[in-house]
2 protein chains.
Amino acid sequence: MKYELYYWPHIQGRGEYVRLALEEGEADYVDVARLPENEGGGRPAVARLLQDAANKHPPFAPPLLKAGKLVVSYTANILQYLGPRLGLVPKAEGLRFYAHGLQLTMTDFVREAHDVHHPIANSLYYEDQKVEALRRSRHFKSERLTKFLNYFETVLARGGGKYMLGKSVSYIDLSLFQVMASLNYAFPKSMAGMSEKVPRLNTLHDIVAARPHIAKYIASPARLPFSTHDLMRHYPELDG
Amino acid sequence: MKYELYYWPHIQGRGEYVRLALEEGEADYVDVARLPENEGGGRPAVARLLQDAANKHPPFAPPLLKAGKLVVSYTANILQYLGPRLGLVPKAEGLRFYAHGLQLTMTDFVREAHDVHHPIANSLYYEDQKVEALRRSRHFKSERLTKFLNYFETVLARGGGKYMLGKSVSYIDLSLFQVMASLNYAFPKSMAGMSEKVPRLNTLHDIVAARPHIAKYIASPARLPFSTHDLMRHYPELDG
C-alpha cells in the first residue's frame, strides 16, 4: 500500500505523530503538501481533500491519511489504522485498546499544552491573549504537566519493559518521544525541574531518538524545526 | 458479557455517551458508582479502579469500562469497543474508522464547549475565571459552535440517510444526540439562533430521543439532570 499524508507543510504539528510512525515502519508514503504546488502539493492539496464536495464521508480537519480509497482522519485514529499494518502495535486486542487509550491521553496532553498559549481563541494571536496565557501557564505547569508526565512515567514503570507496551517498540513510544521532544523545546525550565521525577520517560525519549529510522529522519530536511507557529511553543515568559 | 461502567455518579459528563450506547444496545451492565458505597459503589469505586497499584495497564481518567479482565479507558475508545458488540456500528472497516473520526471530533467539540467556562484551569471555580470565560464565549459562539455544527450538518446531508452513517442507528447518532441536548441546555439562545442552519441535526436529535430504549432511559431516574457541575453548563452570561 502506498500512503498519502495530507497535513500542513510548515509545521510538525499533529501530522508529526503520523510521520514518525510512517518513518519507523518504513512505509511507502508521500507527504503530499510538502511537494511543490505545481506538482499537486502545498496547502491547497490539503484544502482540496478537506473540501471535496463529492466525498460522502467528509473529514473535519487534517492530518488525513489516504490509503487507496479510504481516507482516515484524526491523528490517533490514523495511528490506530497504521499500527497493525506497520507492525507498530502488539497483536493482542486488549493491548490495542490500551495503546489507543494512551494515544488519546497524549492527544489531550498536547491540546492542553497548546491551549497554554491560546486559552481564549485560536483565531487570535498569542499577543492578544498573553495575559490569560500567563495565568493559564502557571496552572498548566504546576498541575497538568506534572500530572500527565507522572502518569506516563507510571505506565512505563508498571509495564516493566523498555517500551510503553513491553519489549517491542510501538507507535505509542514514537508519540511519547514527540511529546517529550516538544515539551523540552517549549518548556525547557519546567522540564529540567521535572527531570529527576521522570527518568524512564527521558530514557525512552533517547532510545526512540536513537532508533536508526528515527535518527535518520530527524537528521534529514524532512524533519521540520520546532517553532512558535507550532502546537507547542517556546515563549520564555510561559515557562519561567 | 456483563459490563461494568465506572464513572462519577453525580453528572452525565463523558460517561453519558457510554450509558446511551449501553441502553440503546440493551447491554447487561452495572453503573458501578451509582450503587451505594456500602454496596461497593460511589466515587470510591471509581478511585479504587483508577488507583489499583496491581494494574499493569493503569488508566488516566474515567469513564472506564470493565469487560471481564479488560479495562477500556477513554470515552471514544469505549464506544469503539462497544460498537460492534452492541450492533451500533456498521461492519465495513472503512465506516468504522470514519465513525471513530466523527466521535473524536465530537470529543474535541465537547472539550471546547467545556473550556468556555473553564479557560484557565479546571482546578479553579468558574467565578475565578469569569472574565476570561466571557471573552472566550464570544469566540466560541461565533467561530467554533458554528463550525462544528455546520460540519456535522454536512455529514448528515452528504450521507443521505436518516442517521449519520446511513440507514441504521449507530453510536455516533447517540453521541450527537447527547451533544445537541447538552448544547440546547447550555447555550439555548445561541442554539435557537443557529436552528435554521442545522435542520438535519435537530431532526436527528428528536429521532434519537424518540427511540424506545433511549426514551425510556431519559424518562427514568437513571438519567441525571443537566447542571452547572457538568461538562456543559448554562451560565446565561456566556450564552447571550
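Quick one: would you say A:Ser168 is assigned to a helix (DSSP H, G or I) and touching a residue at least 24 places away in the same chain (Cβ under 8 Å)? For A:Ser168, the condition - assigned to a helix (DSSP H, G or I) and touching a residue at least 24 places away in the same chain (Cβ under 8 Å) - is not met.
Filtered by the rule that a residue be part of a helix (DSSP H, G or I) and acidic (Asp, Glu), region B:213-240 gives B:Glu237, B:Asp239. Against the numbered list (1) within 16 Å of B:Leu102 (Cα to Cα); (2) of a type outside the set (Phe, Trp, Tyr); (3) out of contact with any Asp or Glu (no Cβ under 6 Å at 6 or more places or on another chain); (4) not in a loop (DSSP other than H, G, I, E, B), B:Leu174 comes up short only at (3). The residue that is nearest to the chain's Cα centre (by Cα), among those in region B:116-131 that are buried (at least 21 other Cβ atoms within 10 Å of the Cβ) and at the interface with chain A (Cβ under 9 Å from one of its Cβ atoms), is B:Pro119. Checking each residue in region A:61-99 for being touching a Leu at 6+ places or on another chain (Cβ under 8 Å), outside any loop (DSSP other than H, G, I, E, B) and facing another protein chain (nearest Cβ under 7 Å) picks out A:Val72, A:Ser73, A:Ala76, A:Asn77, A:Tyr81, A:Gly94, A:Phe97, A:Tyr98. In the set B:Ala186, B:Ala222, B:Ala181, only one residue is under 13 Å from the mean Cα position of the chain (by Cα) and either of a type in the set (Gly, Ala, Ser) or crowded, with 20+ Cβ neighbours inside 10 Å (or both); that residue is B:Ala181.
Here B:Ser142 meets each of (1) assigned to a loop (DSSP other than H, G, I, E, B); (2) small (Gly, Ala, Ser); (3) at pLDDT 95 or above with one exception, condition (1). In region A:177-191, is there at least one residue being in a loop (DSSP other than H, G, I, E, B) and either within 14 Å of another protein chain (Cβ to nearest Cβ) or of a type in the set (A, V, I, L, M, F, W, C) (or both)? Looking for residues that are in a loop (DSSP other than H, G, I, E, B) and either within 14 Å of another protein chain (Cβ to nearest Cβ) or of a type in the set (A, V, I, L, M, F, W, C) (or both), one finds at least one in region A:177-191, hence yes. Just one of the listed residues (A:Glu153, A:Glu132) is in contact with a Leu (Cβ under 6 Å, 6 or more places away or on another chain) and over 18 Å from B:Arg111 (Cα atoms), and it is A:Glu153. Considering region B:7-32, and only residues there that are of a type in the set (Gly, Ala, Ser) and assigned to a helix (DSSP H, G or I), the residue that is nearest to the chain's Cα centre (by Cα) turns out to be B:Gly15.
B:Asp173 meets the conditions (1) of a type in the set (D, E, K, R); (2) crowded, with 21+ Cβ neighbours inside 10 Å; (3) at pLDDT below 95 in every case but one. The failed one is (3).
The values are calculated or read from the model by the stated rules, or taken from the named source; none is laboratory data. Quick caveat: nothing in here was measured; it's all calculated off a predicted structure. Because the Cβ atoms are built from the backbone with ideal geometry, glycine has one as well, and the counts that use them run over all protein chains shown.
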